[in-house]
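Asker: One structure, pasted below without further comment.
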Amino acid sequence: MNKKVFLLVCVSLFIFSIVFTMQTYSYFSTNVTGTGSLTFASWSFTANGEDTSFTTDLGELYPGIDRSYQVRLSAVGSDVPVDYTVTFNYPNNIPANLKFYKDSAKQQEINLDGGTVTGTLNAGTETVITIYYDWPYGSSAEEYVPGNAWFNMTISGHQKDPSRGE
């Protein structure tokens with residue numbers, strides 16, 4: 001009988017230790033779950049109110065003309081700053097003495113075959129880029145080609161690289 005009691009005590013202690021260990025684990029262990037949510041920033045970039053294309057008519061051009069035109073760039077509705085590049089290309093029938101400039105002092109000429117104007121718009125703002133053009137009076141008749149002339153502007157807006165930190 002001693003063996004049976006001893007065996008019963010051992011089995012009881014074993015069961016008690018398993019139950020105690022499980023209760024201890026459940027009392028000292030906690031699992032917490034959570035969820036993460038994301039909100040994506042809004043993106044908006046337009047040129048002259050358009051997001052695909054626009055046309056700017058510079059009017060009649062003739063020797064002696066000294067004018068400017070404007071392009072309105074907008075990041076209104078964008079939650080991130082926008083780096084922009086205005087690239088001029090494919091001039092067609094542009095007189096040699098008709099020059100385009102980034103500044104009113106006409107010190108920074110724009111090459112119509114690949115020249116650029118660049119800048120940054122803060123989120124939610126807009127700016128106006130003014131392009132100046134001048135065709136000096138007294139240009140010879142050989143430089144004047146009757147008819148229409150044109151060039152292309154490609155305006156690109158990209159999210160400003162946050163690592164630049166400026």
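Listed here are the residues, each with its yes/no results for (1) at pLDDT below 85; (2) surrounded by 10 or more Cβ atoms within 10 Å (Cβ to Cβ); (3) polar (S, T, N, Q).
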| position | (1), (2), (3) |
| --- | --- |
| Thr21 | yes, yes, yes |
| Ser29 | yes, no, yes |
| Phe40 | no, no, no |
| Gly77 | no, yes, no |
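Asker: If the requirement is being modelled with pLDDT under 95, closer than 29 Å to Arg164 by Cα, surrounded by fewer than 17 Cβ atoms within 10 Å (Cβ to Cβ) and not charged (D, E, K, R), which of these qualifies: Asn97, Asn89? Show your work before the answer.
Answerer: On the way: Asn97 fails: closer than 29 Å to Arg164 by Cα.
From the options Asn97, Asn89, the qualifying one is Asn89.
Asker: For the range 100-129, give me each residue that is within 19 Å of Asn152 (Cβ to Cβ) and not acidic (Asp, Glu). Even if it seems obvious, please write down each step before you answer.
Answerer: Filtering the range 100-129 for residues within 19 Å of Asn152 (Cβ to Cβ) gives 100-102, 109-118, 129.
If the condition is that a residue be within 19 Å of Asn152 (Cβ to Cβ) and not acidic (Asp, Glu), then Phe100, Tyr101, Lys102, Ile110, Asn111, Leu112, Gly114, Gly115, Thr116, Val117, Thr118, Ile129 are the ones that fit.
Asker: Further question: Conditions first: (1) touching a strand residue (DSSP E or B) at 6+ places or on another chain (Cβ under 7 Å); (2) in contact (Cβ under 8 Å) with a residue 40 or more places away in the chain. Lys102 passes all but one, so which condition is the exception?
Answerer: (2)
Asker: Modelled with pLDDT of 95 or more, in contact with a Ser or Thr (Cβ under 6 Å, 6 or more places away or on another chain) and not β-branched (Val, Ile, Thr), is that true of Asp83?
Answerer: On the way: modelled with pLDDT of 95 or more: yes; in contact with a Ser or Thr (Cβ under 6 Å, 6 or more places away or on another chain): yes; not β-branched (Val, Ile, Thr): yes.
Considered against the rule, which asks whether it is modelled with pLDDT of 95 or more, in contact with a Ser or Thr (Cβ under 6 Å, 6 or more places away or on another chain) and not β-branched (Val, Ile, Thr), Asp83 comes out as yes.
Asker: Would you be able to say whether some residue in the range 124-132 is under 26 Å from Phe45 (Cα atoms), in contact with an Asp or Glu (Cβ under 6 Å, 6 or more places away or on another chain), open to solvent by 40 Å² or more (accessible area, probe 1.4 Å) and assigned to a loop (DSSP other than H, G, I, E, B)?
Answerer: Of all residues in the range 124-132, those under 26 Å from Phe45 (Cα atoms) come to 124-132.
With the extra rule that they be in contact with an Asp or Glu (Cβ under 6 Å, 6 or more places away or on another chain), the set shrinks to none.
Among the residues of the range 124-132, not one is under 26 Å from Phe45 (Cα atoms), in contact with an Asp or Glu (Cβ under 6 Å, 6 or more places away or on another chain), open to solvent by 40 Å² or more (accessible area, probe 1.4 Å) and assigned to a loop (DSSP other than H, G, I, E, B), which makes the answer no.
Asker: Just checking, does the range 106-117 include any residue being acidic (Asp, Glu), open to solvent by less than 60 Å² (accessible area, probe 1.4 Å) and part of a strand (DSSP E or B)?
Answerer: No, that holds for no residue.
Asker: Let me ask you something else. Can you tell me how many residues within the range 46-100 are part of a loop (DSSP other than H, G, I, E, B) and either at negative phi or among the polar types (S, T, N, Q) (or both)? Please lay out each step first, then the result.
Answerer: Going through the range 46-100, the residues part of a loop (DSSP other than H, G, I, E, B) turn out to be 48-49, 51-64, 75-81, 93-98.
Now narrow it down to the ones that are either at negative phi or among the polar types (S, T, N, Q) (or both): 48, 51-58, 60-63, 75-76, 78-81, 93-98.
Matching residues across the range 46-100 total 25.
The values are calculated or read from the model by the stated rules, or taken from the named source; none is laboratory data. Predicted model only: the values in this text are computed from it and were never measured. Don't worry about glycine lacking a Cβ; one is built from the backbone with ideal geometry, like all the others, and counts go over all protein chains shown. What goes into the accessible areas is simple: the full protein's heavy atoms, side chains included, and nothing from ligands, DNA or RNA. Shrake-Rupley method; radii C 1.70, N 1.55, O 1.52, S 1.80 Å.
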